[in-house]
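Input: a single structure, listed below in structure tokens.
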Amino acid sequence: MSSKNSRKLSYSLAINEALHQMMEFDSSVFLIGQGVKSPWYVGNTCNGLIEKYSEKRVIDTPISENAITGAAVGAALSGMRSIAVHPRIDFMMYALDPIINQAANWSYMFGGKVSVPVVIWGIINRGGEQGAQHSQALQALFSHIPGLKVVMPSTPYDAKGLMISAIKDDNPVVYIDDRWLYKIEEMVPEKIYSVPIGKGVIRKRGNDVTIAGISYMASEAVKAANELEKHNISSEVIDMRTVKPLDIDLVLQSIKKTGRLIVTEAAWLTGSVSASIVAEVQNRGFKYLKAPIERICLPDCPAPTSGPLEKEYYINSNDIILKVKKLLYKN
Amino acid sequence: MQSKIILKKLYRKMLQIRLCEESFIIPILNKEIRCPIHLYVGEEAISAGIGAVLNNKDVMFSNHRSHGHYLSKGGELKELIAEIYGKETGCSRGRGGSMHLIYPKTGFLGSAPIVSGTISLAVGSALSFKIRNKKNVAVSFFGDGATGEGVLFESMNFASLKKLPLIFVCENNLYATHLQILETHAKDNIWEMAKPFGIPSFRIDGNNVLEVFEKAQKAVKYCKSGKGPVFIECITYRLMGHVGPDDNIQGNHTDIRPKKEIEAWKKRDPILKFEKYLLKNNVLNKKEIEDVKNKIQKKIEEYHNISIKEEYPLTKNLEKYVFKK
Ligand SMILES: Cc1ncc(C[n+]2csc(CCOP(=O)(O)OP(=O)(O)O)c2C)c(N)n1
Ligand SMILES: [Mg+2]
């Protein structure tokens with residue numbers, strides 16, 4: 001891309017641009033959810049939308065996650081392209097019925113007569129001693145459901161491109177972003193572009209070990225790989241980008257070369273997306289592996305509030321560095 | 001008139017809540033306290049009035065703005081302060097912070113910030129009383145914002161159907177974060193929402209502690225006689241930010257409330273109002289009021305000083321308490 005047609009944009013403003021452009025491009029797109037008027041809820045992702053597209057298409061709502069999400073699904077069944085935002089994915093738990101029982105099943109159970117072009121946008125917002133009910137990363141729950149696609153961008157470029165793909169997709173897409181990524185900046189094209197759903201990407205090439213990261217941990221994996229390079233350890237970093245369906249082929253290609261895999265995700269270990277990655281990779285890539293696959297996830301424990309416990313609980317690039325060193329020296 | 005003992009008790013509780021809340025302001029601004037805090041300043045009369053009619057076998061569930069509820073139900077002040085500093089000595093052993101308080105000994109069975117999330121739990125407590133023929137009541141505290149959630153309506157129907165001893169207390173402070181009530185409700189008629197379920201329901205002045213107290217007394221009597229739930233909507237106003245002392249100070253600019261409106265409500269401060277009443281009726285004189293304040297203030301300061309020095313939970317115990325062992 002020529003730099004003339006792109007400029008530095010933060011992750012959150014890249015989402016904002018995707019929303020602006022898609023609402024401009026397609027008058028059937030509308031946004032509904034709690035706090036679209038308020039930066040306290042959605043950061044600057046919704047800046048300027050109401051002013052431009054009016055409260056008719058940008059709708060701040062009562063605290064009624066179930067009904068609002070159901071309404072987004074129903075509107076999608078009636079010719080709209082709906083985006084339902086939940087400023088915390090924890091609050092989205094009230095909306096499991098319209099997402100899982102209804103939207104995800106609708107196409108199949110009616111023999112493909114209709115589809116559900118809805119984006120369910122859930123924001124991970126944690127840290128700051130917020131505790132158990134304001135910290136959860138629940139992608140595994142949605143990735144378990146057959147009729148849902150689940151995307152988790154980690155860069156501004158992908159944040160925009162995957163939002164556009166999600167809106168254009170004729171099926172329910174759960175779009176999960178992370179407030180910890182909101183301030184990251186990079187060059188983002190001005191035009192409308194798509195990042196394909198279901199495709200990961202190699203963020204850094206390397207030979208000794210493959211680190212497959214999801215969302216925030218993909219960005220931490222890049223940091224870790226840069227640090228490890230200083231110690232002559234060459235890591236290949238894969239950003240999964242979509243967690244349903246998973247781009248297992250990309251991981252297999254990488255371990256053909258490295259023979260070692262670490263999967264990392266800032267979500268609970270048991271039943272996680274990373275568990276699905278491990279299962280598929282060992283099944284299809286056993287012969288490439290020189291060592292057991294490692295995972296770096298959160299302990300199976302709710303988020304604590306107390307500062308020192310919170311520090312112990314969350315994971316970052318340091319945990320990856322330690323794990324890589326252990327894995328390489330052991331073998 | 002209520003007895004002097006009761007009047008003084010109500011006043012002390014309101015003051016304790018107010019001074020406790022105010023004591024958090026400086027540490028929040030200094031970042032010595034980091035967990036999100038939803039201050040209850042301006043709404044003290046509701047907790048004080050309701051809490052005063054309950055005994056330790058009655059139970060209470062609450063939401064994110066819960067310090068007042070906790071204190072009114074007999075939660076220890078010291079353990080509240082320690083919890084907010086994230087200490088092992090806190091009421092939730094440093095795992096919960098301001099938004100997750102508990103004090104089972106006196107029937108405060110938990111506060112949690114998922115809006116409306118604890119309403120059905122209170123229904124369950126009331127159900128347990130009914131199953132075991134206990135003459136106790138459960139109280140569910142929630143805000144005006146919570147009346148947007150379907151679970152409230154499911155709970156009202158079920159509680160009424162089964163004639164459960166449950167008091168729904170809606171603290172209507174006219175806003176849910178950045179939205180004024182008429183931006184989220186077709187009508188400003190929360191108290192009427194209980195009517196179709198056959199639940200006696202009332203709208204009262206939540207800044208008048210005696211009105212709250214008297215209504216709560218009647219509600220408890222009604223519940224304990226086996227007639228079913230009661231719904232009380234208390235009109236009030238928070239005098240500080242949605243979260244933290246002032247939303248604007250915190251840079252989030254969620255306080256979109258008109259300055260004039262805030263000023264008008266400051267004049268209806270429930271504590272000032274009640275002080276006037278106490279002075280006029282010779283329950284307390286000015287000197288006595290000062291003495292009560294100083295005494296409570298001293299305790300609060302002492303508890304801050306102790307809490308700051310206490311131990312954080314050990315990191316090796318991160319996963320302790322996920323399950324009962
Ligand atoms: C299920 C859910 N949705 C949204 C939120 C975000 N939230 C936190 S407090 C709040 C407003 C609650 O308003 P109200 O019930 O009136 O209580 P108040 O803060 O006014 O005391 C909201 C929407 C939440 N905590 N839980
Ligand atoms: Mg309110």
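Observations, loosely collected:
- At 1.002 mPa s and 20 °C, Stokes D of chain A from Kirkwood alpha-carbon radius, µm² per second: 106
- As a calculated quantity, the FRET efficiency between A:K113 and A:Q253 at R0 = 45 Å, using C-beta atoms, amounts to about 0.70.
- Amide H to amide H, with H built 1.01 Å from N, A:K204 comes under 5 Å of A:V237, counting only residues 5 or more places away or on other chains.
- Pairs from the table (B:K187/B:K221; B:K13/B:K87; A:K37/A:K160; A:K311/B:K31) lying more than 27 angstrom apart at Cα are B:K187/B:K221.
- Farthest towards the positive end of the charge dipole of chain B, among the residues B:V59, B:Y175, B:A264, is the Cα of B:V59, using unit charges on the Cβ of Lys, Arg, Asp and Glu.
- Taking a point 7 Å out from the Cα of A:L328 in the direction of its Cβ, the residues of segment A:236-261 whose backbone N falls within less than 12 Å of it are A:236.
- Arranged from fewest to most other beta-carbon atoms within 10 Å of their beta carbon, A:R88, A:R241 become A:R88, A:R241.
- Diffusion coefficient of segment A:201-329 by Stokes-Einstein, Kirkwood radius over Cα pairs, 4 °C, 1.567 mPa s: 89 µm²/s.
- Ranked B:H38, B:H64, A:H144, criterion: other C-beta atoms within 10 Å, fewest first: A:H144, B:H38, B:H64
- Seen against the Cα atoms of chain A and their longest principal axis, helix A:248-258 is set at about 20 degrees.
- Net length available on complete extension from B:N317 to B:E211 is 33.5 nm, with 0.36 nm assigned per residue and the Cα-Cα distance removed.
- Helix axis angle, A:156-168 relative to chain A longest principal axis, alpha carbon, degrees: 50
- For the protein assembly as shown, the fraction of alpha-carbon pairs lying more than 48 Å apart is 19 percent, rounded to a whole number.
- For chain B, the spread of Cα positions along each principal axis, largest first, Å: 56, 51, 41
- For segment B:82-91, backbone phi angles converted through the Karplus equation (6.51, -1.76, 1.60; θ = phi - 60°) give residue-by-residue couplings of 4, 4, 5, 7, x, 9, 4, 7, x, 5 Hz, Gly and Pro being listed as x.
- Residues whose amide H lies under 5 Å from that of B:R238, counting only those 5 or more places away or on a different chain, are absent; hydrogens are built 1.01 Å from N in the peptide plane.
- Prolate/oblate/rounded call for segment A:73-143, Cα gyration tensor, a/c under 1.5 rounded: prolate
- Chain B: most fluctuating residue of B:T315, B:T118, B:T236 per GNM, C-alpha cutoff 10 Å: B:T315
- Of the residues B:M99, B:M14, B:M193, the one that moves most in a GNM of chain B with alpha-carbon contacts below 10 Å is B:M193.
- Additional length obtainable on full extension of the chain from A:L269 to A:D26, 0.36 nm per residue less Cα span: 83.5 nm
- Fewest neighbouring Cβ atoms within 10 Å first, the residues A:S27, A:S107, B:S111 line up as A:S27, A:S107, B:S111.
- The phi torsions of segment B:230-239, fed into the Karplus equation with coefficients 6.51, -1.76 and 1.60 and a -60° offset, translate into couplings of 10, 10, 10, 9, 10, 7, 8, 7, 8, 8 Hz, rounded to whole numbers, with Gly and Pro shown as x.
- Phi to ³J(HN,Hα) by Karplus 6.51 cos²θ - 1.76 cosθ + 1.60 over segment B:188-194, Hz, x for Gly, Pro: 8, 9, 3, 4, 6, 5, 7
- Contour minus Cα-Cα distance for B:N305 and B:K276 (0.36 nm per residue): 7.2 nm
- MRE, 222 nm, helices only [DSSP H, n ≥ 4, -39500 (n - 2.57), over the protein assembly as shown, to nearest 500]: -12000 deg cm²/dmol
- Sequence-distant residues sharing a close amide H with A:V150 (under 5 Å, placed H): A:V174, A:V243, A:K244
- In the calculated pair-distance distribution of segment A:233-286, the portion above 12 angstrom amounts to 65 percent of the Cα-Cα pairs.
- Taking the alpha carbon gyration tensor of segment A:6-189, multiplying each eigenvalue by 5 and rooting it gives semi-axes of 23, 19, 16 Å, largest first.
- Reach of A:K149 by Cα under 13 Å, taken over aspartates and glutamates that are not fewer than 8 positions away in the same chain: A:D169, A:D170, A:D247
FYI, it's all coordinate maths here, none of it is from the lab. Because the structure is predicted, anything quoted here is derived from the model rather than measured. Backbone-built Cβ (ideal geometry, glycine too); neighbour counts: all protein chains shown.
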